[in-house]
1. Please list log₁₀ I(q)/I(0) at q = 0.10, 0.16, 0.20, 0.22 Å⁻¹ for the range 114-223, using the Debye equation with identical point scatterers on the alpha-carbon positions.
2. Kindly express, to the nearest 10 degrees and within the range 0 to 90, the angle between helix 2-22's C-alpha long axis and the longest C-alpha principal axis of the chain.
3. Run lengths n ≥ 4 of DSSP H only: what is the helix-derived mean residue ellipticity at 222 nm for the chain, with -39500 (n - 2.57) per run over all residues, to the nearest 500?
4. Please give the helix 53-64 orientation as an angle from the longest Cα principal axis of the chain, in degrees from 0 to 90, rounded to the nearest 10.
5. In degrees from 0 to 90, rounded to the nearest 10, what is the angle of the helix 293-332 Cα long axis to the longest principal axis of the chain?
Amino acid sequence: MKTALKLAVSLVLMGGFLWAAFRNVNGALLQHAFQTANPLWLIASGLTVIASGIPRAWRWRVLLAPIAPDISTRSAFWAVMVAYAGNCVFPRAGEVARALALERDHPTGISAILATVVVERLLDVLTLLITFGVVLFFAREQIGAAFPGLEQVALLALPIILFAFVFLGLLSVRGEPGLVVFHRLLARLSPALADKVTHLLRSALQGLRAIHTVEGYAGILVSTLVLNSLYWLAMYLPFYSFDLADQYNLGLFEALVVMTFATIGFVIPAPGGIGAYHLFCAQTLHLFYQVPEELALAFATSVHAVALFGFILFGGPPLIRLLWRQKAEKQTR
């Protein structure tokens, strides 16, 4: 029932965002915008998104090093592709699927692997908030006019995320004695809650063990920069597909702005970010840079479709194989 409810909520969100994105669109103009696109730039964008899986796999390997030093970037890459494909079907399910995919070939302990996945996704959230802060500094008025209230939400979320990282960092230095003290304090409010939160924190600390070394810090920093640079490039290349660079004078900074808001669409728990991505990406182009709404939606739909096609093409077969094996194992028990 809980899974069915989550799926129903995600589908409702997807439908609501799709309706909001396309409700005022002229179908003929939208079709014309699709027809004018140069597919080569879109293919280049899709390949760049797939290539971003390499630095993500590298960063994940850095986090996995203390618990599984023998895992190759290749193995981590295919597990990441499984996650991308899984998230296209069911939000957040891909993260569990990639842990299972890696655990199958490299038995390490599913809870330890999931701990590194949680830390890796927290790094994504932190990067998004930092990028949003940069964009906010240069385009505060536009953001306030286009997305009222979003600035306040981001400004509230950033210190919370930073506090969480500082707290985990201090806790990782203290280790188990620090967890004992934390458990004792929280148990005064609720022993059951203290047990659950302490268990989660103990798992998270496993994922933070790699950050205790200079090599760990450097690897995470460089891989994160390369990863997000590829995402940035993947958003910039389609500007040439729809001639936005020349007609509307959109360059690298504008690509950064669009990428930041489009990424917010992926944070919302809809399958593959469908609907939310379209709305945030298209509205940013339309409200910030006066790109016609139909052209902006054609851009958002094409970029999103190419990325999802790549995820399913690369991650779909190993995901199906994983699910098939899981089903076969259950039947033999």
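1. Here the Debye-derived log intensity ratios amount to -0.40, -0.84, -1.06, -1.16.
2. The two axes meet at around 20 degrees.
3. Taking each H run of at least 4 residues, the total per residue is -27500 deg cm²/dmol.
4. 20
5. Tilt relative to the chain: about 30 degrees.
Since every read-out is calculated from the coordinates, none of them should be taken as a lab result. Not measured: the values here are computed from a predicted model.
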